[in-house]
1. Taking only Cα atoms and a 10 Å spring cutoff, compute GNM fluctuations for the chain and point out the largest among Pro163, Pro73, Pro112.
2. Mind telling me which of Val28, Val116, Val94 comes out most flexible in a GNM of the chain, alpha-carbon contacts under 10 Å?
3. What aspartates and glutamates sit close enough to Lys154 to cross-link, taking a C-alpha to C-alpha distance under 20 Å and skipping anything fewer than 8 places away on the same chain?
4. Between their Cα atoms, which of Lys27/Lys111; Lys27/Lys153; Lys27/Lys161 are more than 31 Å away from each other?
5. Please report, in cubic angstrom per residue, the volume enclosed by the convex hull of the alpha-carbon atoms of the chain.
6. Quick check for you: which residues of the range 1-39 have the amide N under 15 Å from the point 7 Å beyond the Cα of Ala171 toward its beta carbon?
7. Taking 7 Å along the Cα-to-C-beta vector as the label spot, tell me the Glu124-Lys60 distance in nanometres, rounded to one decimal.
8. Set the Förster radius R0 to 25 Å, insert the Cβ-Cβ distance between Ala151 and Met7 as r into 1/(1 + (r/R0)^6), and round the FRET efficiency to 0.05.
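No value in this document is a laboratory result; all are computed from the given coordinates. Since this is a predicted model, take the numbers as computed values, not measurements. Reconstructed Cβ throughout: ideal geometry from the backbone, glycine too, with neighbour counts over all protein chains shown.
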Amino acid sequence: MGFRIKMNPHNTLFNIAFYHLRTAEDKVQDDTPDGLTLDCVSCIVFTAFAVEALLNFVAKETDYKENPGDKFPRRLKSLCESVGMEYDAGRQPVQSIQRLQAIRNALAHGKPYHSVSEASSKAELDAAMKYGWRSDCTPEAARRLFDNAKAFKKQLLDCSKIPPGQELDCAIGGWAEVQRPTAP
């Protein structure tokens, strides 16, 4: 039997991001900080991936005609405007979406960073190591970026008038055994 299968990766990516966010928050609550920054980085990167996949989903569902040469900021603005969503780069949630993309790009195209610093405590050393994207690798920043990405998702889906449930993964069809009449 045939099936119509719809897989929308933004759902899985948001779930992975949320898993790492909860893991980071649990580590703070339990005072077990091993790998805390890694969980925050994972949350942020998967949230950025989820937003990119969400934009691809909305573009496909709304027949958005994109310019293949557009970089992320222009594509984001153009897609938002095409569905009637207010785009203000100076306000949330768009600021967080841009920050997520900047962090994702900094990690994906990472360049070495070298400096010299003085530190007499772990706190001072941690502060000295917070350059560029690392300043956002805290549970609080990861939570803020994740929550703003979810708010962006809701706003984008509402403005695009994509029906609720349309974005969920599904398979439609079924197995049925056909009973053939037997000869009398």
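1. Pro112
2. Maximum among the listed residues: Val116.
3. Lys154 reaches Glu52, Glu61, Asp63, Glu81, Glu86, Asp88, Glu167, Asp169.
4. Numbers: Lys27/Lys111 29 Å; Lys27/Lys153 27 Å; Lys27/Lys161 39 Å.
Where the Cα-Cα span goes over 31 Å, the pairs concerned are Lys27/Lys161.
5. Values: hull volume 36.0 nm³, N = 184.
Per-residue hull volume (Cα only) is 195 Å³.
6. 1-8, by backbone N distance to the label point.
7. Using points 7 Å along Cα→Cβ, the separation is 5.3 nm.
8. Working from the Cβ atoms, E equals 0.55.
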